[in-house]
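Take a look at the structure set out below.
The values are calculated or read from the model by the stated rules, or taken from the named source; none is laboratory data. The shown structure was predicted, so the numbers you read here are calculated from the model rather than taken from an experiment. Methodologically, a virtual Cβ is constructed for each residue, glycine included, from the backbone with ideal geometry; neighbour enumeration extends over all protein chains shown. These area figures cover heavy atoms from the full protein model, side chains too; ligands, DNA and RNA do not enter into them. Shrake-Rupley method; radii C 1.70, N 1.55, O 1.52, S 1.80 Å.
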Amino acid sequence: LSGDCNEIVVAVARELGIDAAHAHGEMSPERKLEIVREAAGAGTVVMVGDGVNDAAALAAADVGIAVHGGAEASLAAADISISRPGLAPICELLTGARGTMNAIRACLTVSITYNVIGMACAIAGWITPLTAAILMPASSLTVLSMAFGARAFRASRKDGAACP
């Protein structure tokens, strides 16, 4: 969604691998807001913007991302502000967010599995309450170690590769 000329928006979308049917130019701020609200029913909406005309749509999106050099209104309305120019920081943000969610899922899986096994062993009488009490902090330390080791946000890519 852009206020720029439609031909330019479609050309940029194609270069980024976005279907031209999803590229809309010459949009008013009100129309951007309307499209973001309509898209909310289909899933998570991420809006990237830099101008005053993007502020309402940034605020309405599930995740609003204001980019480097953006107007104060867009920076205030967004959830995230990117301080470096270009598209690479947005790719890094999306990759890091995916890595964070994977780390959270892994930690939850290990924690639930650990606790279900410990509870089953305690109910069956295979471990004493003292052993169970010792295992609980061990479970927490295991999950903390996994979380610290996840490193979802890594150093930026030097090869200039596109977003995965």
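If the Kirkwood radius is taken over C-alpha pairs of region 1-107, then at 20 °C and 1.002 mPa s the Stokes-Einstein diffusion coefficient equals 148 µm²/s. The portion of the accessible surface of the chain made up by carbon and sulfur, rounded to a whole percent, is 63 (1.4 Å probe; DNA, RNA and ligands excluded). Solvent exposure of region 18-164, expressed per residue, is 64 Å² of accessible area, with all protein chains present and a 1.4 angstrom probe.
So what's the angle, to the nearest 10 degrees on a 0 to 90 scale, between helix 129-150 and the longest Cα principal axis of the chain? With rounding to tens, the tilt is 30 degrees. Between GLU15 and ALA106, the FRET efficiency from the beta-carbon distance, with R0 = 45 Å, is close to 0.80. Taking amide H as placed 1.01 Å from N in the peptide plane, the amide H of ILE18 sits under 5 Å from none that are at least 5 places away or on another chain. 3J(HN,Hα) couplings calculated from phi for region 102-107 with the Karplus curve 6.51 cos²θ - 1.76 cosθ + 1.60 (θ = phi - 60°) are, in sequence order, 4, 5, 4, 4, 5, 5 Hz; Gly and Pro show x.
Can you figure out the FRET efficiency of MET136 with ASP62, using R₀ = 41 Å and their beta-carbon distance, to the nearest 0.05? The computed FRET efficiency comes out at 0.70. Given a 1.4 Å probe and the protein chains as shown, LEU94 ends up with an accessible area of around 60 Å².
The distance separating the Cα centre of region 1-39 from that of region 108-128 comes to 52 Å.
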